[in-house]
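The values are calculated or read from the model by the stated rules, or taken from the named source; none is laboratory data. The shown structure was predicted, so the numbers you read here are calculated from the model rather than taken from an experiment. We place every Cβ from the backbone using ideal geometry, glycine too, and count neighbours over all the protein chains shown. The protein model used for the area step is the full one, side chains on, heavy atoms only, and it has no ligands, DNA or RNA in it. Shrake-Rupley method; radii C 1.70, N 1.55, O 1.52, S 1.80 Å.
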Amino acid sequence: MIRLNNYIIKLLKNKLNRTDIDESKLTLLNKGKFANAYVFRYCQENTDLTIKDFSHCPWPVRITVGIIMTKFECNTLKILEGMSGVASEAFLLGRYTVAFSYIKGTPLAEIQKKDTKLPKEFFIELEKRIREIHKKNLVHLDLRNLGNIIKGEDETPYIIDFQSSLGTKYLPKKFRKILEDSDISGVYKSWKLICSENLDPEKEKFLENFNKIRKIWIFKGYPLQKAIRRIKRKINKS
C-alpha cells in the first residue's frame, strides 16, 4: 500500500509540475479487488481530486481492462465537461490512472440505509441530467446501483462511475432507446425507494414494464463484472 501511495504521489508531482504535493493529503476511498480500481482522494488547498488507479491489478488485467477503463472514463468525462451533475477536469495521470474533480456529497445507497427521504425535486433534476447525458450519445448503464448517484453538498444530484457507460451514436434507435430506458429505470428505482413522494402513475408503470424486460436483460447487473470474471477464469486456468 505504501508503494502504491508513493506511485500516486509521484504521478501527481510529474503531471501537476508541483513540488508541494503532500502524501498525507492522499486518502484511500475504496480498495479495489482484482480488476477494480483503487480509488483515492487527494485534497490540498485548491486541489481536490478523485483518482482511480489500476496499477495494482495482475499484469494481464492491467494492460487490458486497466488501460481501456482508464482511457474510457477520462474520455467520457471530457465529453460531458461543462454539464451539471458530473465530475469535471478529467485527465490521465498515467497509463493506468485517471483523475478528475472530487464530488462532495452522500451516495443514495447511504441515504437509503439511514431511511432518509429526499424531495421530489431532487429526482426530477436527476432525470433531467440523465437525459442531458443521453443527448451526448452516452448511456451510463449502472444507475440502478444507488452508490453511483450522489446528493451533492448543494442538494442536487451527481452521477459518478462511468466505466460501464456506452456510446450510442451508431446504435439502432430501438436498441438505443432500451439502453436509455435502463438509465431512466435507475432514476425511478431510487425515486421509489427514497423519495418523500410516490412515483407518478406513469413513471410507476414505466418502471414495472422495464422490470419485466430486465428478466432477459443482457446488461443486467454490473456489465464490467461479467467481463472481469471471464478474464479471471482464463488467468486461473493458465
Check: Among the residues of segment 92-110, is any assigned to a helix (DSSP H, G or I) and open to solvent by 20 Å² or more (accessible area, probe 1.4 Å)?
Finding: yes
Next item on the list: Evaluate segment 53-64: report whether one residue or more is over 30 Å from K169 (Cα atoms), free of Cβ contacts under 8 Å to residues at least 40 places away in the same chain, open to solvent by 20 Å² or more (accessible area, probe 1.4 Å) and in the same structural domain as T97 (by the TED database).
Entry: yes
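Yes or no, residue by residue, for (1) open to solvent by 70 Å² or more (accessible area, probe 1.4 Å); (2) in a loop (DSSP other than H, G, I, E, B):
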{"site": "R3", "(1), (2)": "yes, no"}
{"site": "N6", "(1), (2)": "yes, no"}
{"site": "K10", "(1), (2)": "yes, no"}
{"site": "T19", "(1), (2)": "yes, yes"}
{"site": "G32", "(1), (2)": "no, yes"}
{"site": "A35", "(1), (2)": "no, yes"}
{"site": "V39", "(1), (2)": "no, no"}
{"site": "C43", "(1), (2)": "no, no"}
{"site": "T50", "(1), (2)": "no, no"}
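Could we say that E127 is open to solvent by 10 Å² or more (accessible area, probe 1.4 Å) and assigned to a loop (DSSP other than H, G, I, E, B) here?
Details: open to solvent by 10 Å² or more (accessible area, probe 1.4 Å): yes; assigned to a loop (DSSP other than H, G, I, E, B): no.
It is false that E127 is open to solvent by 10 Å² or more (accessible area, probe 1.4 Å) and assigned to a loop (DSSP other than H, G, I, E, B).
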Check: Any residue in segment 119-136 that is out of contact with any strand residue (DSSP E or B) (no Cβ under 9 Å at 6 or more places or on another chain) and among the β-branched types (V, I, T)?
Finding: yes
Notebook entry, point to check: Right, E45: at positive phi and without any contact (Cβ under 8 Å) to a residue 12 or more places away in the chain or not?
Noted result: yes
Note to self: Report every pair of residues separated by at least 6 positions or lying on different chains whose Cβ atoms are under 8 Å apart, first residue within segment 157-171 and closer than 23 Å to I111 by Cβ and open to solvent by less than 50 Å² (accessible area, probe 1.4 Å), second at pLDDT below 95 and among the hydroxyl-bearing types (S, T, Y).
What the structure shows: S164/Y222
Checklist line | When residues of segment 171-197 are limited to those that are modelled with pLDDT of 95 or more and of a type in the set (F, W, Y), the one farthest from K114 (Cα to Cα) | finding: Y188
Item checked: Only listed residue being farther than 23 Å from N211 by Cβ and surrounded by 14 or more Cβ atoms within 10 Å (Cβ to Cβ), chosen from I184, I178, I150, I133 -> I150
Next item on the list: Considering only residues that are among the aliphatic types (A, V, I, L, M) and within 22 Å of the chain's Cα centre (by Cα), look in segment 187-206 and name the one that is surrounded by the most Cβ atoms within 10 Å (Cβ to Cβ).
Entry: V187
